[in-house]
Amino acid sequence: MKLYGFSASNYYNAVKHLLLAKGLDFEEVKEYPSQNEDYLSIHPLGKVPALVTDQGPMSETDIIMEYVDSLSDPKFFPTEAFEKAKCREIMKVAELYIELPARRNNGEVLIGNPRCETAFREARPLMEKGFKALDTLCQPSPYLMGDKMTAADIFVRYALVVGNMVAAKVYDWKPLDEYPALKAWSKMMREDAVSQKVDQDSQAAMQDLMEYFAQFKK
Ligand SMILES: N[C@@H](CCC(=O)N[C@@H](CS)C(=O)NCC(=O)O)C(=O)O
């Protein structure tokens, strides 16, 4: 399997974390988002990550994670239907109501572009609801769904990379200070051996990312 993307991408890192945690063989292929025809044949929107398997390519992080999880044990998605739905619910809340609104401010935070006032105004109320919903859905003990790490822990960890970064840099806000149980969970996840490897690779890729972003500076 080949994982296309770049090591500072939070979505890429969610898939990479799962592949590493499962001990599966994969090759990392560095790719920035691109509208090149070649890459569009792998990812129909030109985003990252994409996974290329013997059967063909696949996009969308949560879909890729579910596919990867089906390949071997141990499983990171619950197998029982209700538990699996709850796992997906946690992932979706983090994506739709924290990560996606937060990333609307990425131009300001990552590239240094002028503030987008609409994004600035609209993102925070949604993020506040998103963090509250996450806290309602999860009572970490110590993982989000109980005593085993699930795909929810992995996905949410990387969704919150953008959520926490934007909250701090744009709103001077530390959402996890309002939710001590999530804060303790976040610290525990940061200490996980796979997280540390993924974070190290991400740090090492940062300079290259900044050079890539320079072309988008307004
Ligand atoms: N819904 C996609 C989102 C992936 C995504 O937004 N990736 C970012 C990099 S972290 C990207 O490719 N951005 C470029 C773009 O949106 O065109 C997924 O779940 O994989």
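Odds and ends about this structure:
- Distance (nanometres) between label positions extended 7 Å along Cα→Cβ at K148 and F216: 3.7
- Charge dipole (Cα centre; +1 on Lys/Arg Cβ, -1 on Asp/Glu Cβ; no other charges) of the chain amounts to roughly 680 debye.
- For the stretch 70-162, the list of GluC sites (Glu not before Pro) that fall in a loop by DSSP and count at most 14 other C-beta atoms within 10 angstrom reads E80.
- Leading residue at positive end of dipole, the stretch 81-206 (Cβ point charges), from A94, T118, Y143: T118
- Cβ-derived FRET efficiency at R0 25 Å, K169 paired with R190, nearest 0.05: 0.85
- Each Cα pair under 8 Å and six or more residues apart adds its separation to the average, and for the stretch 81-206 the resulting relative contact order is 28 percent.
- Sparse-neighbour loop sites [trypsin sites (Lys or Arg not before Pro); the stretch 1-108; at most 16 other C-beta within 10 Å; DSSP]: K75
- Kyte-Doolittle mean at least 1.0, axial Cα span of 24 Å or more - DSSP H helices of the chain: 151-171
- Among the trypsin sites (Lys or Arg not before Pro) found in the stretch 106-154, those both in a DSSP coil and sparsely packed, with 16 or fewer other Cβ atoms within 10 Å of their Cβ, are R115, K148.
We did not get these values from a lab; they are worked out from the coordinates using the rules stated. Predicted model only: the values in this text are computed from it and were never measured. Note that we place each Cβ from the backbone using ideal geometry, even for glycine, and neighbour counts take in every protein chain shown.
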